[in-house]
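Inspection log for the structure reproduced underneath, given as structure tokens.
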Amino acid sequence: GLKTLHLGSCVVTINLQEIQHGFSEIRDSVQAKDDNINIRILRSTESLQDTKASEKCCLLHHLLSFYLNRVFNNYQTTDHPTLRKLSSLANSFLIIKKDLQLCHAHMTCQCEEEAIAKYNRILSHFEELEPQAATVKALGELDILLRWMEES
Amino acid sequence: MPKPTNITFFSINMKNVLQWNPPEGLHGIELTYTVQYFIYGQKKWLSKSECRQINRTYCDLSTETSDYEHQYYAKVKAIWEANCSEWAETERFYPLLETQIGPPEVALAASEKSISIVLTAPEKWKRNPEDPTVSMQQIYSSLNYNISVYNTKSKRMWSQFVTNHTLVLSWLEPNTLYCVTVESFVPGLPGHTQPSQQCVSTLKDQTSTLKVK
């Protein structure tokens, strides 16, 4: 179930399968709340796997922070199983983010133009929508982000 | 007029077929159906001409959903004379996560006490036979196989997971029929389809026939 992410010189091992399984249990219910199916936040033009190797770590670090700070904790639901699943996903993201911070400390997680430009575009797609709708959509697109990680 | 029900994609090796049940309470009425599909993040619903006012309750959308990195919706409505139902819509369909992986091709070769197994990964659905072949292995690097071997004489069975495509079963009994069942398996993907099964007999033990002479 472990997956090694090769992000340029930054190499981290994550339990991607556990995260994918966790999200699969809330995926349909979250996606069903997304009424704006003509907008996609994580677009293939900004995909992680098609980013320059040396900038993948930076883009992923930004995306994890985005999900932690603007998605997981803003998602409104009274459904406790979903809340539990969200906190488990958030914990997994925190662990990965810590590993990426180690890379940052070892100067292997440089942020340059491409990563920043891609992240800003993703943010602008997110901000096209009203906050709660954007949060629902971003959470519903977690399967896309996990696919990007799988492909990296 | 009630909507069609249970609208879902049935997908094997990325052959993606939309299927549904007739609306409830309208049995015996000659209904037709019209299908549309939507690429998540795009702007509008699209029609498939071959699935406009059809009698059957399925529509092959493999061509329209062949880019497995995209996600899709589909919807269907029922029509009867001048009446038509509301649209019945699928959940978001992500072929990459939702297709089932078909069984591999299995080639067996037996000797006296061993059987060699060669597996060929299933192929992704393709529009035309002349189109280049894409193996499901290329799409799912973590594709592996669950092999079960059944000794028809001793009635014993054992299984093992393998990731490579060749395997030799050793220390078998001569002159015995063995049946090999193989399922494809990708961690995280939905269940698997019908396994493929083949049987082969190990050869007679040559040493014992020589002694008899």
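Of the candidates B:Q138, B:Q42, B:Q19, which one comes out as most mobile in a Gaussian network treatment of chain B with C-alpha springs shorter than 10 Å?
B:Q42
As a footprinting exposure proxy, order A:C58, B:C179, B:C199 by other Cβ within 10 Å, with the fewest listed first.
Values: A:C58 26, B:C179 15, B:C199 12.
Least crowded to most crowded, the residues run B:C199, B:C179, A:C58.
Taking the Cα centre as origin and putting +1 on Lys and Arg beta-carbons and -1 on Asp and Glu beta-carbons, what dipole magnitude results for chain B, to the nearest 20 debye? Working shown, then result.
Details: 20 positive and 20 negative charges, 125 e Å.
Around 600 debye, computed over chain B.
Need the list of aspartates and glutamates near A:K33 for cross-linking: C-alpha distance under 20 angstrom, and skip anything on the same chain fewer than eight residues off.
Result set, ordered by chain and number: A:E25, A:D79, A:E127, A:E128, A:E130, A:E141, A:D143, B:E86, B:E89, B:E91, B:E98.
Let me know the charge dipole size of chain A about its Cα centre in debye, to the nearest 20, where only the beta-carbon of Lys, Arg (+1) and Asp, Glu (-1) is charged. Working shown, then result.
Numbers: 16 positive and 20 negative charges, 61 e Å.
That gives chain A a dipole magnitude of about 300 debye.
Taking +1 at the Cβ of each Lys and Arg and -1 at the Cβ of each Asp and Glu, which of B:P95, B:I139, B:V149 sits farthest along the dipole of the range B:81-211 towards its positive end, judged by Cα position relative to the Cα centre?
Sorting the options by dipole projection puts first B:V149.
When only C-alpha pairs under 8 Å and at least 6 residues apart count, what is the relative contact order of chain B, in percent?
On the way: 488 pairs, mean separation 41.0, N = 213.
It comes to 19 percent, rounded to a whole number.
Choose one of B:A78, B:S111, B:V17: the residue whose Cα lies farthest towards the positive end of the charge dipole of chain B (beta-carbon charges +1 Lys, Arg; -1 Asp, Glu; about the Cα centre).
Positive-most Cα among the choices belongs to B:S111.
Could you list, bin by bin from short to long, the percent of Cα-Cα pairs of chain A in 10 Å steps?
Percent of Cα pairs in each bin: 11, 43, 36, 10, 0.
What percent does the relative contact order of chain A come to when contacts are Cα pairs within less than 8 Å and at least six residues apart?
Numbers: 179 pairs, mean separation 62.7, N = 152.
Worked out over chain A, it gives 41 percent.
Might you list the cysteines of chain B that have no disulfide-compatible partner by the rule of another cysteine's Cβ under 4.7 Å?
Among the cysteines of chain B, those whose Cβ sits 4.7 Å or more from every other are B:C84.
With unit charges on the beta carbon (Lys/Arg positive, Asp/Glu negative), name the residue among A:C111, A:L83, A:L100 whose Cα is farthest towards the positive pole of the charge dipole of the range A:70-113.
Farthest towards the positive pole: A:L83.
Of B:N164, B:N151, B:N128, which has the largest mean-square fluctuation in a 10 Å C-alpha GNM of chain B?
Judging by the Gaussian network model, the answer is B:N128.
Taking chain B as a Gaussian network, Cα atoms linked when under 10 Å apart, which of B:E64, B:E81, B:E112 shows the biggest mean-square fluctuation?
For chain B, modelled as a Gaussian network with Cα springs under 10 Å, the answer is B:E81.
Under 15 Å from the Cβ of A:C103, count the other residues' Cβ atoms, weight Lys and Arg +1, Asp and Glu -1, and hand me the total. Mind showing how you got there, number by number?
On the way: positive: A:K56, A:K97, A:K98; negative: A:E55, A:D99, A:E112.
Summing Lys/Arg as +1 and Asp/Glu as -1 gives 0.
Residues with amide H under 5 Å of B:S111's amide H, sequence separation 5 or more or different chain, H placed in the peptide plane at 1.01 Å from N; which?
B:S116, B:L203
If the chain between A:L83 and A:E127 were fully stretched, how many nm would it gain, using 0.36 nm times the residue separation less the Cα-Cα distance?
Details: separation 44, 0.36 × 44 = 15.84 nm, distance 2.36 nm.
Roughly 13.5 nm would be gained on extension.
Please get the size of the charge dipole for the range B:1-67, origin at its Cα centre, with Cβ charges of +1 on Lys and Arg and -1 on Asp and Glu, quoted in debye to the nearest 20.
Numbers: 7 positive and 6 negative charges, 37 e Å.
Roughly 180 debye, rounded to the nearest 20.
Just so you know, all these numbers are worked out from the coordinates, no wet-lab data involved. What you see is a predicted model, and the numbers here were worked out from it, not measured in a lab. Heads up, the Cβs are rebuilt from the backbone with ideal geometry, glycines too, and the neighbour counts pull from every protein chain shown.
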